[in-house]
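Only one structure is covered here, and it is reproduced in the block below.
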Amino acid sequence: MVCFATMQLILRYLTRSMTSAAILVFVFGIAWILYVAHVVLLKTPIPTSTPTLIWLVVAGGLSYVGNLFTVRAMALAPNPGYALAIAGLNSLFVTLTSAVILGASLSWSKLLGVMLCAAGISLLVL
């Protein structure tokens, strides 16, 4: 949490002098180098099946769009925490979708917790 919070603050600071796309080129470029080193050092197997690679390409494309819009929203928001809180509403979507599609467990108390988080986030927008 501390790493991501610090990263978000750095990204917000950088949006004063750089575009979102330029920031993300560096962030993901460095991350790519670190992940390649991680995979090589730990001898992690890389998937080669076509369906898996297709899903990875789709996930990468969605990551590109989501991260670009999140950084742009942080740059435009009066407080970067507002943009991140709104982006955090994805937890509601993921919780409901994973219960329906993936069969993940979902109790009323867990659903209530996610709904309370969504309600709290909506208060930020008012």
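Every number here is computed from the coordinates shown, using simple stated rules; none is lab data. Computed from a predicted model, the values in this text were never measured in an experiment. With ideal geometry, Cβ positions are generated from the backbone for all residues, glycine too; neighbour counts draw on all protein chains shown.
Computed on the Cα trace of region 25-86, the radius of gyration divided by the Kirkwood hydrodynamic radius gives Rg/Rh = 1.11.
With each run of n ≥ 4 DSSP H residues scored as -39500 (n - 2.57), what mean residue ellipticity at 222 nm is computed for the chain after dividing by its residue count and rounding to the nearest 500 deg cm²/dmol? Working shown, then result.
Numbers: 6 runs with 101 residues, N = 126.
Only helices count here, giving -27000 deg cm²/dmol.
What spacing in nm lies between the two simple spin-label points modelled at Cys117 and Ala31, each 7 Å away from Cα in the Cβ direction? Between Cys117 and Ala31, the label points sit 1.9 nm apart. Computed on region 85-126, the Cα convex hull volume stands at 53 Å³ per residue.
Going 7 Å from the Cα of Phe69 along its beta-carbon direction, which residues of region 80-118 have the amide nitrogen within less than 16 Å of the resulting point? Under 16 Å, as judged by backbone N against the label point of Phe69, lie 83-94 of region 80-118.
Helix hunt in the chain: which complete DSSP H runs extend at least 30 Å axially by C-alpha with mean Kyte-Doolittle at least 1.0? Before the final figure, lay out each step's value.
On the way: long enough: 20-42 (32 Å, 2.43); 50-76 (39 Å, 1.28).
Helices passing the filter in the chain: 20-42, 50-76.
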